[in-house]
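Written below as structure tokens is the structure these notes are about.
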Amino acid sequence: MIPVSVRINLPHITENAAAACALCDRFGIDVWGVTKAVAAQPGIARAMLEGGVKALAETRLTAVNRLCESGVPGPYWLLRSPAYCEIAECIAMTDGSLVSDRDVLDLLQAEARRTGRRHRVLVMVDLETGREGFLPDEVADVCRAAMAHSNLDLSGLGIYFEFHGDGDFQAETLVRLRDLADRLGQELGAPLPVISGGSTSIIRTQLLDGRKPAGVNNVRLGTAILLGIASSVGPQTIPGFHQDTFELSVELNEVKVRGRRIGLLAMGHTDADPDYLYPLDPGVKVLKAFSDHTLVDLEEADPSVKAGSTLRFQLGYFALTKLMHSPWVRHEYIR
């Protein structure tokens, strides 16, 4: 037996996906389901699709291949600009990709033409958002280049916001993105079909307050669907969403008294981020983690908790990501 396990409630993930799609639909926004946090587990991807997401989005082509080989239907989007060495795989396995490098367009076109395929591109824009994207004055030329390629289809523009980004900054930046898209539509002779306004952070700062993000008609959602939260800090739950989608169970290896009752768990930084573990057992507090152990304070926990007992935790995003990618964690599915 493995002392660390994660129970995964697939029906509740499907219901979260449906709730996310319903919330976004009120604002005219389509949803892509992001599977990167769960290592593209096919059952979880299917649960998202059953909830109504329009596409699956991943950052790793090996993960996309896992979905393809498991028979999970697409469409699939690569959630970043492909590396040069990934161009052939990107064209072979995905329907589209987010692009933030000019030369990548030429490489995608060459491979798509060679293999007789078509590929969609979403041009990423950097509006002081701190990660990938072209500067605003570069975007028009990049879009024209994409349109000039016979095997590429320009889908539109996308933007990234940090997960803990400021809501007012996001709102103002999305107005700039919309205005840029409107100008480009006029210059290019046709409106851009997709304006992808970010991820779960948009739910937290815009949609839950009843505000439609300016011009946005697409979002890329992972955290909201998978965990039912809009922020791992707290965590901030989303009304009407399930938060019991993933539950971690860990056996206590040791309990000792060192001024207070301390427990030792058989997992550490290699398995999960301790800052994003939220105890479900009353009185338990996470103290700190080492590479393969985690210390918990049991002073206020039930006195019956001892070595061999199992503690349960709700997860934040970064704990979930490590646990789902770890080969040392057992996954149990509720179907």
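The values are calculated or read from the model by the stated rules, or taken from the named source; none is laboratory data. Note that the structure is predicted; figures quoted are calculated from it, not measured. Reconstructed Cβ throughout: ideal geometry from the backbone, glycine too, with neighbour counts over all protein chains shown.
Looking only at residues in the range 302-317 that are surrounded by fewer than 17 Cβ atoms within 10 Å (Cβ to Cβ) and either hydrophobic (A, V, I, L, M, F, W, C) or outside any loop (DSSP other than H, G, I, E, B) (or both), which one is nearest to the chain's Cα centre (by Cα)? For the range 302-317, the residue satisfying everything is R312. Of all residues in the range 100-153, those satisfying the criterion of being among the hydroxyl-bearing types (S, T, Y) and either under 15 Å from C90 (Cβ atoms) or without any contact (Cβ under 8 Å) to a residue 40 or more places away in the chain (or both) are S100, T115. Restricting attention to the range 321-335, does a residue exist that is part of a strand (DSSP E or B), of a type in the set (F, W, Y) and not assigned by TED's automatic domain parsing to the domain that holds K36? Scanning the range 321-335 turns up at least one residue that is part of a strand (DSSP E or B), of a type in the set (F, W, Y) and not assigned by TED's automatic domain parsing to the domain that holds K36. Of all residues in the range 165-187, those being farther than 23 Å from A224 by Cβ and either of a type outside the set (A, V, I, L, M, F, W, C) or at pLDDT below 95 (or both) number 7.
Of the set (1) more than 30 Å from D137 (Cα to Cα); (2) in contact (Cβ under 8 Å) with a residue 24 or more places away in the chain; (3) not small (G, A, S), all apply to L79 but (1).
Those strands (runs of 3 or more DSSP E) of the range 203-298 in which at least 2 residues are at pLDDT 95 or above and more than 30 Å from L180 (Cα to Cα), considering only elements entirely within it, cover 246-257, 261-265, 277-279, 285-289, 294-297. Identification of strands (runs of 3 or more DSSP E) wholly contained in the range 79-163 with 1 or more residues that are among the small types (G, A, S) and over 25 Å from Y317 (Cβ atoms) yields 152-158. Determine, yes or no, whether S70 is within 18 Å of the chain's Cα centre (by Cα) and at pLDDT 95 or above. Here the answer is no, as S70 does not meet what is asked.
Checking each residue in the range 17-74 for being touching a residue at least 24 places away in the same chain (Cβ under 8 Å), assigned to a loop (DSSP other than H, G, I, E, B) and crowded, with 16+ Cβ neighbours inside 10 Å picks out F27, I29, T35, A39, A40, Q41, G51, G52, V53, R60, V72.
Evaluate the following for I13: is it modelled with pLDDT of 95 or more, within 17 Å of the chain's Cα centre (by Cα), part of a strand (DSSP E or B) and of a type outside the set (F, W, Y)? In short, no.
Annotation note: of D273, D297, D302, the sole residue that is charged (D, E, K, R) and under 28 Å from T14 (Cβ atoms) is D273.
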